[in-house]
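The values are calculated or read from the model by the stated rules, or taken from the named source; none is laboratory data. Every value quoted in this text rests on a predicted model; they were computed, and no experiment measured them. Methodologically, a virtual Cβ is constructed for each residue, glycine included, from the backbone with ideal geometry; neighbour enumeration extends over all protein chains shown.
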Amino acid sequence: MNEAIVASQAPGTDTASVPGASGARQFWRRLRAQRAALVAAGVVALLVLVALAAPLLTAIEGQDPTTYHPGLIDSARGGVPVGSLGGIGGDHWLGVEPQTGRDLFARLVYGARVSLGVAFAATLVQVFIGIVVGVAAGLGNRWIDQLLSRVTDIIIAMPLMIMSLALLAIVPSSFPRPVLVALIIGLVAWGSIAKIVRAHTLTLKELDYVAAARLSGWGSWRVARRELLPALAAPVITYAALLVPTNITIEAALSFLGVGVKPPTPSWGQMLTAADVWYQAAPQYLLLPAGALFLTVLALTVLGDGVRTALDPRAASRLRVGTGRKREAKV
């Protein structure tokens, strides 16, 4: 990525003369050329749409995620849903939850709101802190750079799950849990993106146009805002796209361990926690949230890789070293 950024600023290269709008068009053209990334983008867009439209979808079904339906549970069999396939029918599109009778479709779509919302919010916190710390370290003097770099090293060395478990355990339960989970993930896991931003800042500030801006008397904030942040957009967007699926997995793991989102607020990780003893009697209770979680993480990972390749086509060409010669040999 460093090579791509330096090349884009070098005089005489094609990308140096391309305006911002043209650069955006090139990015979209490269992204559209990747079919897997387009499919992943469609899946992500559909998941976000389902999460946003959760109240409308559950209203159409006529259910909500918190209402109990004891009449749909066979207490003689330990709370297994009445009927075939977990009680699937016109009133309950995906059946009902064992023991409680809560509608599975409603809990699944509302769980998407929590899982995606926490992941995106945590990513925004990570990106904001990482950019501030990374740019400050890269533009600051030797002492500031050393101080911020050591703080970043400490943050990276901290075990994320253990720190999250400890912080979630001591915060009062009255604090909104999804907001708390997003803040803790963001505040504990910003070290890697700060390292990336610092490395790119150190590279960029040696370029002629940044050095000229600093010599002309511009302050560090103005240099960062006018010269560095636009050039940092590509690596930051690339890394942020790969952070989202990681944060979804962390939220699911915290909820699975019982310290994340608390009932009755639905979450995919929380549903998996309650489903671990029902995989034989009501397999759909386990398969539905697990499948949704797997599909979301896979789609976001593929999309993030597609964004990385579109922003840095040299990375894709490096992965295909030798393939051109093989094609020529076949022809």
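Checking the range 223-238 against the condition returns a match, with at least one residue being free of Cβ contacts under 8 Å to residues at least 24 places away in the same chain and small (Gly, Ala, Ser). The criterion of at least 1 residues that are at pLDDT below 85, among the β-branched types (Val, Ile, Thr) and surrounded by 14 or more Cβ atoms within 10 Å (Cβ to Cβ) is met, among helices (runs of 4 or more DSSP H) falling completely within the range 1-117, by 2-9. The C-beta contact set for the range 153-179 (first residue free of Cβ contacts under 8 Å to residues at least 24 places away in the same chain, second residue part of a helix (DSSP H, G or I) and of a type in the set (A, V, I, L, M, F, W, C), distance under 7 angstrom, 6+ apart or interchain) comprises 167/184; 171/180.
Would you check if residue 144 is touching a residue at least 24 places away in the same chain (Cβ under 8 Å), within 28 Å of residue 229 (Cα to Cα) and β-branched (Val, Ile, Thr)? So residue 144 fails the test. Selection within the range 277-297: residues that are touching a helix residue (DSSP H, G or I) at 6+ places or on another chain (Cβ under 7 Å), surrounded by fewer than 18 Cβ atoms within 10 Å (Cβ to Cβ) and free of Cβ contacts under 8 Å to residues at least 40 places away in the same chain. The member of this set that is farthest from residue 72 (Cα to Cα) is 290. Which of the residues spanning the range 72-87 are free of Cβ contacts under 8 Å to residues at least 40 places away in the same chain and over 24 Å from residue 265 (Cβ atoms)? Passing the criteria: 74, 75, 76, 82, 83, 84.
Among the residues of the range 256-268, those that are buried (at least 22 other Cβ atoms within 10 Å of the Cβ) and either under 24 Å from residue 82 (Cβ atoms) or modelled with pLDDT of 85 or more (or both) comprise 266, 267, 268.
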